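**Q** Pasting in a structure now, in C-alpha cells, and then I'll have a few things to ask.
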Amino acid sequence: MKLKTKIIIGICLTLFLFFLYICYGLYLMSIEDKYGVFQELYYEIDKSDNYFIIVDNKEAGLIQKLDDEIFVTIDDCMKHLLDYSNKKIEVYQFEISETKTDFTIKDAILLKNNEKTELIFKN
C-alpha cells in the first residue's frame, strides 16, 4: 500500500474511534441527566436479579429493569423509579426462596433481615 493510503486509513480509524468515544460519553451523560442521584442504582441493577424497594418505611415493592428503564411495582401498579425521587428509599437484592402473589411491607422486612439479602442503595 502507498503511504497516502495508510495515512488516510489511519486518519479514518482515529476519527472513528474519537466519535465512538464521544458517543459513549453522551450516552453516559444522558443516564446521569435522567437518573441523577439514582445513577449508581441504574448501573447496579441487573435485569436477571431480584430486587425490592422500601419507600419511606411504609410501602414495599419489586424493581424491574425493562429496556434500560427502571420500574417499581407496588400493589400491582408499575411506576417509574423517578416518581420516588423525593422520598426516602432503600433497595435490596435478594434470592427467591418461595413464590408469592403479593409483596407487602411485612415480606420486605422479613427479607431485609435475611442474611442473603444485600442493601445496594439507600438515600
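**Q** How large is ³J(HN,Hα) for each residue in segment 42-57, as worked out from phi by the Karplus curve 6.51 cos²θ - 1.76 cosθ + 1.60 (θ = phi - 60°), to whole Hz, x for Gly and Pro?
**A** Result, ordered by residue: 4, 6, 6, 6, 10, 5, 8, 8, 10, 9, 10, 10, 10, 10, 6, 6 Hz.
**Q** What is the packing order of peptides 16-25, 78-87, 33-42, taking the mean over residues of other C-beta atoms within 10 Å and listing the highest first?
**A** Numbers: 16-25: 10.0, 78-87: 13.0, 33-42: 14.6.
Peptide ranking by packing, descending: 33-42, 78-87, 16-25.
**Q** Using only DSSP helix segments of four residues or longer, with each worth -39500 (n - 2.57), what per-residue ellipticity at 222 nm results for the chain after dividing by its residue count and rounding to 500?
**A** Working: 3 runs with 47 residues, N = 123.
Mean residue ellipticity at 222 nm (helix-derived): -12500 deg cm²/dmol.
**Q** Between Leu110 and Ile31, what FRET efficiency follows from the Cβ-Cβ distance if R0 is 35 Å, with the result rounded to 0.05?
**A** On the way: r = 33 Å, r/R0 = 0.94.
It comes out at approximately 0.60.
**Q** Which pairs break 22 Å Cα to Cα here: Lys79/Lys122; Lys87/Lys112; Lys79/Lys116? Please list the in-between numbers first.
**A** Working: Lys79/Lys122 19 Å; Lys87/Lys112 19 Å; Lys79/Lys116 27 Å.
Violating the 22 Å limit, Cα to Cα: Lys79/Lys116.
**Q** First check a/c for the chain, with a ≥ b ≥ c the square roots of the eigenvalues of its C-alpha gyration tensor; if it is under 1.5, answer rounded, and if not, answer prolate when a/b is larger than b/c or oblate otherwise.
**A** Values: a/c = 3.74, a/b = 2.84, b/c = 1.32.
Cα axes put the chain in the prolate bin.
**Q** How high is the relative contact order of the chain, given as a whole-number percent (alpha carbon pairs under 8 Å, six or more residues apart)? Can you show the working numbers first?
**A** Numbers: 141 pairs, mean separation 26.3, N = 123.
RCO, the chain: 21 percent.
**Q** Quick one: Karplus J couplings for segment 86-94, per residue in order, coefficients 6.51, -1.76, 1.60, θ = phi - 60°, nearest Hz, x for Gly and Pro?
**A** 9, 10, 7, 10, 10, 10, 10, 9, 9
**Q** Once phi is turned into ³J(HN,Hα) by the Karplus curve 6.51 cos²θ - 1.76 cosθ + 1.60 with θ = phi - 60°, what whole-Hz value does each residue of segment 13-22 show in order, with x for glycine and proline?
**A** 5, 5, 5, 4, 5, 4, 5, 5, 4, 5
**Q** DSSP loop (so not H, G, I, E, B), at most 12 other Cβ within 10 Å: list which GluC sites (Glu not before Pro) in segment 62-105 pass both filters.
**A** Details: sites: Glu69, Glu90, Glu95, Glu98; in loops: Glu95, Glu98.
Answer in residue order: Glu95, Glu98.
No lab work stands behind these numbers, since they all come straight from the coordinates. In this text the structure is predicted, and so the values were computed from the model without any measurement. Ideal geometry is used to build each Cβ from the backbone, glycine not excepted, and the neighbour counts take in all protein chains shown.
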